[in-house]
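Notes follow the structure.
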Amino acid sequence: MITQIDLSGVAQYVSEQQLAQAVQAAQSKLAPVLAGQFAEANQLGWMDPARWQGHAEVEYIMQLAAEIRSNADVFVLIGVGGSNRGAQSVIETLGDGKVEIVYAGTNLSSHELKKILACLQGKRVYINNIAKDFNTLEPGIHFRFLRQYMEAAYGAGAAARIIVTGSAGTGQLQQLAQQAGYRFLPFPADMAGRFSVLSAVGFLPMAVAGVDIRRIIAGAAAAKAELLAAAPQDNPAVRYAVCRNLLFEKGFVIENLATLEPGLAYFARWWSQLFAESEGKNQSCIFPVFSSYSEDLHAVGQYIQDGKRMVLESFLDARFVNGETRVAASQHADGFDYLNGKPFDELIDAVYRAAFSAHSAGGVPCLQFRCGQITPELFGELFYFFMLSCCLSAALIGANPFGQNGVEAYKRSMYRLLGK
Ligand code: PA5
């Protein structure tokens, strides 16, 4: 693993001895997850990212992405939840900006829809609609508006600019693609939405943003090889899952994933959906939230420092190191001369260390994921690590990580209101 998990900041709440005992005691819950024998086989496709290495579908996606990068100014990703968050996290952190990525299908604001349609005017557009079930109203209705936009803009040429990623079957995207002549990518049947980032769902948008998806796959495959072979006591995914649940039992019922690179706030959104939808089922689990530092140190940082002692903090210490940028002296007195000549990277390092030590001293248990430089391999590793940890953590609290009936409840209620 590139990432090292550092639990020194929780030692006063959970000792190494307590952790080792808890890992031992939870063997019967953890072992089936590590052996891939804990749920229906059709939910476990994410456990084997190596299946994509050298796969023809990945080659096809890279060719398609190259075509889009040559022929589009804007790529509209229509999708919500598990259908867009993983890709967005990579794009917002590592994307090269050559093609503008616009996100649609996440809300029902007519104002936002108008803004999306307006920003396409005069630009060369491709669309990727992603949905496993294709019954969610937000992406479904945005897709209708955007298809109509494309038909008006490109006439018979519209279909060639629309790609759908979805399931097969009646009323699903494959059927629509066949009827309308769109290109189709399969949403793997053996992955739930929030576990689907390492598939066509994430791969096409990431590749359109200029990210080498083979490197993401390699990072995930390496993480799998290491994490599934490690002894439970030394397994970082096990240690994280067990540690966070021991902290929960001590009253730390909220986990705040803190990031430093602004793009990684989108990774933290993916993480928070992963844990919230997978574990949030039996009223006895951690509420996952996230903060983007420095910005949130000037907002929720106050609460973390001095508010109710119920927050545990996990620092995702992944950064872009750029040794070249230094603070230049200024001819105007601005009070910042003490920074003259300092490498800019020292500043982000200082904010990290300052937040960690202040929060620790203030009574917040602080875990650290020490990841180093942000690369595609790191993203692959982190996706795999957290999906596995999430299933381990769900097993500890007796929750089935797959399915999200609570979300379905709101959907059914909305369908009733709208007369479906
Ligand atoms: O993780 C999940 O399964 C969900 O969050 C789904 O991704 C989300 O509800 C969107 O589903 P769909 O793209 O099938 O409409």
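Stretching Gln24 away from Val289 to a fully extended chain increases their span by 92.5 nm, per 0.36 nm per residue minus the current alpha-carbon distance.
Note: relative contact order over the chain, using C-alpha pairs below 8 Å and six or more positions apart, is 23 percent.
How much length is gained on full extension from Glu249 to Arg144, taking 0.36 nm per residue of separation minus their Cα-Cα distance?
Details: separation 105, 0.36 × 105 = 37.80 nm, distance 4.69 nm.
So the extension gain works out to 33.1 nm.
Highest GNM mean-square fluctuation, the chain, Cα pairs closer than 10 Å: which of Leu64, Leu378, Leu117? Of the options given, Leu117 has the highest mean-square fluctuation. Here segment 291-380 has 57 percent of its accessible surface on carbon and sulfur atoms, given a 1.4 Å probe and all protein chains in place. Using a 1.4 Å probe on the protein heavy atoms, what percent of the accessible area of segment 1-112 belongs to carbon and sulfur? Taking all protein chains in place, segment 1-112 shows 48 percent carbon and sulfur surface.
Each Lys and Arg adds +1 at its Cβ and each Asp and Glu adds -1 at its Cβ; summed about the Cα centre, the chain shows a dipole of about 1260 debye. Legend: distances between Cα atoms for Lys132/Lys411; Lys29/Lys224; Lys29/Lys411; pairs beyond 21 Å are Lys29/Lys411.
When nucleic acids and ligands are ignored and a 1.4 Å probe is applied, Glu40 ends up with an accessible area of around 100 Å². Accessible area per residue was computed with a 1.4 Å probe on protein heavy atoms; Ser70 scores about 80 Å².
For the chain, modelled as a GNM whose springs connect Cα atoms under 10 angstrom apart, the maximal fluctuation among Gly193, Gly81, Gly181 occurs at Gly181. Here segment 371-390 and segment 319-353 have alpha carbon centers that stand 29 Å from each other. Straight-line reach from Lys114: taking Cα to Cα under 18 Å and skipping same-chain neighbours fewer than 8 places apart, the lysines in range are Lys123.
When the chain is fully extended, how far beyond the present Cα-Cα distance does Ala159 get from Lys308, taking 0.36 nm per residue of separation? Write down the numbers at each step before the final one.
Details: separation 149, 0.36 × 149 = 53.64 nm, distance 5.43 nm.
Length gained between Ala159 and Lys308: 48.2 nm.
Need the C-alpha centroid separation for segment 243-257 versus segment 112-159, integer Å. Cα centroid to Cα centroid, the span is 42 Å.
Entry comment: accessible area of the chain is 43 Å² per residue, from protein heavy atoms only and a probe of 1.4 Å. Leu227 sits among other residues whose Cβ lies under 14 Å from its own Cβ, and their net charge, with Lys and Arg +1 and Asp and Glu -1, is -2.
For the residue pair Glu226 and Glu16, what label-to-label distance in nm results when each label sits 7 Å from Cα along the Cα-to-beta-carbon direction? Label-label distance for Glu226 and Glu16, simple model: 1.9 nm.
Within the accessible surface of segment 167-270, defined with a 1.4 Å probe on protein heavy atoms only, the carbon and sulfur portion equals 53 percent.
The values are calculated or read from the model by the stated rules, or taken from the named source; none is laboratory data. Since we're looking at a predicted model, the values are computed, not measured. Cβ coordinates were reconstructed from backbone atoms using ideal geometry, including for glycine residues, and neighbour counts include every protein chain displayed. All accessible areas refer to the heavy atoms of the entire protein, side chains included, with ligands and DNA or RNA removed. Shrake-Rupley method; radii C 1.70, N 1.55, O 1.52, S 1.80 Å.
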